[in-house]
Amino acid sequence: MSADVDCRQSKKKYSADTKCQLSDESIKDIWGAVSYPIYQTATFAHRGLGESTGYDYTRMQNPTRQQLEAVVAGLENGKDAIAFASGMAAIAAVMELFSLGDHFIIDSDLYGGSVRLFNEISNKNGLTYTSANLSSDDIAPLVRENTKAVYIETPTNPMMNVTDIEKLAKKAHELGLILIVDNTFLSPYYQNPLDLGADIVIHSGTKFLGGHHDTIGGFAVVNDEKIDEKLRYIYKTTGAGLSPFDSWLILRGIRTLAVRLNKAQENAFAIAEYLKKNKHVTKVIYPGLKEHPGYEIMKKQATGFGAMLTFEVDSPEFAKEILANVRLIYFAESLGGTETLITYPITQTHADVPADVLAKNGINDRVLRLSVGIEGTEDLIDEFERVFAEAEKKIKG
Ligand SMILES: *Cc1c(COP(=O)(O)O)cnc(C)c1O
């Protein structure tokens, strides 16, 4: 029998303490399996009338998913984490907390899918928002009588703006608003927004938590019991819970969260320094660089700088040649996995963001975003050398 530790109380977060068990007797592993079992079942038999095992139907509860939820709650120092079928499903469920006529304030540089949700779905449901650069702008003048929440990412995607979470949480609470932080970019290994005063933390579990580009999932993590109760109700009613198998994959991913991120961050630093020296690179945006405007805040509120890096080259043609020539690196959407991915935000992740917002945020057709993986550092640098040389040859020729 593995150590009987309640994950929510476990402090061994950086060793991805998947040995922790839920205190609930009914799902304790009795055989000592090192890998938590996949309870691939839709429903659960009752022992008798009025006697539930604690599990009735997988849309509502499933042991494998609950094990994952307990581990993620532990990682984020939350009272509860709810596992959804995707990051977007988590965000959509959080939006269901609000009512017709409610208003919220969002950062102007957010994941494109979130902006699409707010514009096309939340809007239709009677929610409105005001967007601003929340890494610098004050929220007070934006607050209306019906404002309920502030929604941010930090660092932002893809421009890496950094917001002081503690300061914003304090301000939001003074104004009677809740703060929602999408913590996908740093993962709980490097940043814990609940500890800094956030009310809801969101993750795309598809990214660093899953970590292998092999499954989709999402989380909402909370401390407040009232919010938790409402979210659990929305979750069981709308039915976007993560499947048992995908829950298991993310549990497996989390076991290597720390080692993956340590290596990916090391690679990100090496690539940032390499790109800074390249004559075709006009800008390198990585919050681990001292010249990054968010560097000091990052040092204060996070334990690392992550593996996301954005850079700008001197022409759109050059950007397209880079995309055409990558071989070790994949030209693919998504982030946070073992393989390095390069994306072109203007046509991919941010295709649905209005043109004026893109321009304001500095997202143009020369901007590329890297999600740095855990390949050998030299292999990645060699890849860049080759890709830049081929792009140069093509453009000159
Ligand atoms: C990918 C992503 C999402 C959406 O998550 P899915 O799992 O793709 O639904 C939300 N926020 C951020 C910051 C992301 O990178």
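Odds and ends about this structure:
- Of all residues in the range 242-278, those satisfying the criterion of being surrounded by 21 or more Cβ atoms within 10 Å (Cβ to Cβ) and either part of a loop (DSSP other than H, G, I, E, B) or aromatic (Phe, Trp, Tyr) (or both) are 242, 248.
- For the range 321-335, the condition holds for at least one residue, the condition being that it is in a strand (DSSP E or B) and over 19 Å from the mean Cα position of the chain (by Cα).
- Members of the range 222-245 found to be of a type outside the set (Phe, Trp, Tyr), over 25 Å from residue 194 (Cα atoms) and in contact (Cβ under 8 Å) with a residue 40 or more places away in the chain, listed by number: 238, 239, 243, 244
- Of the criteria (1) part of a helix (DSSP H, G or I); (2) under 21 Å from residue 157 (Cα atoms); (3) open to solvent by 20 Å² or more (accessible area, probe 1.4 Å); (4) in contact with a helix residue (DSSP H, G or I) (Cβ under 7 Å, 6 or more places away or on another chain), which one residue 129 fails: (1)
- Against the numbered list (1) in a helix (DSSP H, G or I); (2) in contact with a His (Cβ under 8 Å, 6 or more places away or on another chain); (3) surrounded by 18 or more Cβ atoms within 10 Å (Cβ to Cβ), residue 383 comes up short only at (2).
- In the range 70-126, residue most open to solvent (accessible area, probe 1.4 Å) [restricted to those that are touching a helix residue (DSSP H, G or I) at 6+ places or on another chain (Cβ under 7 Å) and among the acidic types (Asp, Glu)]: 96
- Residue 129 of a type in the set (Ser, Thr, Tyr), in contact (Cβ under 8 Å) with a residue 12 or more places away in the chain, closer than 22 Å to residue 262 by Cα and more than 13 Å from the ligand (Cβ to nearest atom): no
- For the range 332-349, taking the residues that are of a type in the set (Ser, Thr, Tyr) and farther than 19 Å from residue 316 by Cβ, the one that is nearest to the ligand (Cβ to nearest atom) is identified as 334.
- The range 88-109 - residue that is over 24 Å from residue 241 (Cα atoms) and among the hydrophobic types (A, V, I, L, M, F, W, C) and, of those, nearest to the ligand (Cβ to nearest atom): 106
- In the range 299-313 there is no residue that is in contact (Cβ under 8 Å) with a residue 60 or more places away in the chain, open to solvent by less than 30 Å² (accessible area, probe 1.4 Å) and over 24 Å from residue 205 (Cα atoms).
The values are calculated or read from the model by the stated rules, or taken from the named source; none is laboratory data. Just so it is clear, the model here is predicted, and its values are computed rather than measured. All Cβ positions, even for glycine, are placed from backbone atoms using ideal geometry, and neighbour counts span all protein chains on display. Accessible surface areas use protein heavy atoms only, side chains included; no ligands, DNA or RNA. Shrake-Rupley method; radii C 1.70, N 1.55, O 1.52, S 1.80 Å.
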